[in-house]
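Heads up: the structure comes next, in structure tokens.
The values are calculated or read from the model by the stated rules, or taken from the named source; none is laboratory data. What you see is a predicted model, and the numbers here were worked out from it, not measured in a lab. In this analysis, Cβ positions are derived from the backbone assuming ideal geometry, glycine residues included, and neighbour counts consider all displayed protein chains.
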């Protein structure tokens with residue numbers, strides 16, 4: 001079989017089973033482990049499957065994003081460490097963008113002592129924190145209000161973003177893979193794209209649990225990112241694939257829980 005035929009067979013069998021081991025694939029295709037892994041790498045780049053220990057599985061499709069309240073308690077230690085690691089990217093005098101999200105909120109918490117930067121955000125919680133506790137110049141995009149996520153989305157928000165030239169933008173997500181950042185919300189696509197188009201550097205900040213999930217809409221291709229800041233849970237083969245594309249990868253260790 002030619003590669004395209006093998007890859008279509010892999011996807012067809014995976015659709016039936018949900019999970020397949022490398023041993024099952026070599027037997028099914030009657031090829032070497034190396035050939036199977038090359039096919040897997042190609043399919044993973046296309047977002048059609050994801051690697052797990054010893055095999056592959058279908059991506060986890062998400063049809064909605066959790067509310068701000070729900071996200072605030074998910075992978076909290078990882079988010080704190082990612083937020084702190086991201087602070088080292090911010091140079092004096094920078095104009096920065098903070099995308100809506102609870103990981104970017106952790107970055108904002110580290111900016112309360114800065115009076116030398118300008119911050120733009122579409123997130124009401126971040127804006128309220130910085131308005132109350134920080135001295136930086138602060139802008140909110142406005143736009144259609146998404147109550148569950150306490151943020152603004154849609155074309156009006158994207159148009160406001162395009163008015164700025166960002167030195168660095170921090171992007172959040174509920175789903176990403178080797179194909180890039182996706183979202184179940186069509187209203188967020190224009191916002192994500194406007195961010196990367198307006199920034200010198202675009203940095204994805206996300207905990208590793210978001211890898212292998214896929215939303216309905218492609219928002220940002222992986223190649224549009226300058227760097228990714230995540231935690232140690234990201235699989236080694238995925239780390240290698242990211243760095244091979246020239247994207248800087250920064251692994252932040254999770255914060256220890258109080259009393260541990």
Checklist entry - Since residue 137 meets every condition but one in (1) modelled with pLDDT of 95 or more; (2) buried (at least 17 other Cβ atoms within 10 Å of the Cβ); (3) more than 20 Å from residue 219 (Cα to Cα), which condition does it not meet? => result (2)
Item to check | Given (1) surrounded by fewer than 18 Cβ atoms within 10 Å (Cβ to Cβ); (2) closer than 17 Å to residue 233 by Cα; (3) within 17 Å of the chain's Cα centre (by Cα); (4) modelled with pLDDT under 85, number of the condition residue 54 does not satisfy | outcome: (3)
Checklist entry - What number of residues within the range 145-185 satisfy the criterion of being closer than 26 Å to residue 242 by Cα and either within 16 Å of the chain's Cα centre (by Cα) or free of Cβ contacts under 8 Å to residues at least 24 places away in the same chain (or both)? => result 18
Item to check | Positions within the range 25-48 being surrounded by fewer than 18 Cβ atoms within 10 Å (Cβ to Cβ) and touching a helix residue (DSSP H, G or I) at 6+ places or on another chain (Cβ under 9 Å), in sequence order | outcome: 26, 28, 31, 32, 33, 35, 37, 38, 41, 42, 45, 46
Checklist entry - If you scan the range 155-167, which residues turn out to be surrounded by fewer than 20 Cβ atoms within 10 Å (Cβ to Cβ) and touching a helix residue (DSSP H, G or I) at 6+ places or on another chain (Cβ under 9 Å)? => result 155, 159, 160, 162, 163, 164, 165
Checklist entry - Consider residue 118 against the criteria (1) crowded, with 18+ Cβ neighbours inside 10 Å; (2) without any contact (Cβ under 8 Å) to a residue 60 or more places away in the chain; (3) in contact with a strand residue (DSSP E or B) (Cβ under 8 Å, 6 or more places away or on another chain): it satisfies all of them except one. Which criterion is unmet? => result (1)
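Looking at residue 74, is it at pLDDT below 90 and buried (at least 19 other Cβ atoms within 10 Å of the Cβ)?
It is false that residue 74 is at pLDDT below 90 and buried (at least 19 other Cβ atoms within 10 Å of the Cβ).
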Next on the checklist: Can you pull out every residue in the range 169-192 that is surrounded by fewer than 24 Cβ atoms within 10 Å (Cβ to Cβ) and part of a helix (DSSP H, G or I)?
Outcome noted: 186, 187, 189, 190
Checklist entry - Out of all the residues in the range 1-22, which are farther than 22 Å from residue 241 by Cβ and either part of a helix (DSSP H, G or I) or without any contact (Cβ under 8 Å) to a residue 12 or more places away in the chain (or both)? => result 2, 5, 9, 12, 13, 15, 16, 17
Checklist entry - Is there a residue being part of a helix (DSSP H, G or I) and surrounded by 20 or more Cβ atoms within 10 Å (Cβ to Cβ) anywhere in the range 92-103? => result yes
Checklist entry - Do we find that residue 61 is in contact with a strand residue (DSSP E or B) (Cβ under 8 Å, 6 or more places away or on another chain), closer than 30 Å to residue 215 by Cα and at pLDDT below 95 in this structure? => result yes
Checklist entry - Going through the range 141-154 one residue at a time, which ones are at negative phi and crowded, with 17+ Cβ neighbours inside 10 Å? => result 141, 146, 149, 151, 152, 153
Checklist entry - Are any residues in the range 193-227 in a helix (DSSP H, G or I) and touching a helix residue (DSSP H, G or I) at 6+ places or on another chain (Cβ under 9 Å), and if so, which ones? => result 193, 194, 195, 196, 197, 198, 208, 209, 222, 224
Next on the checklist: Is it the case, given these coordinates, that residue 112 is touching a helix residue (DSSP H, G or I) at 6+ places or on another chain (Cβ under 6 Å) and not in a helix (DSSP H, G or I)?
Outcome noted: yes
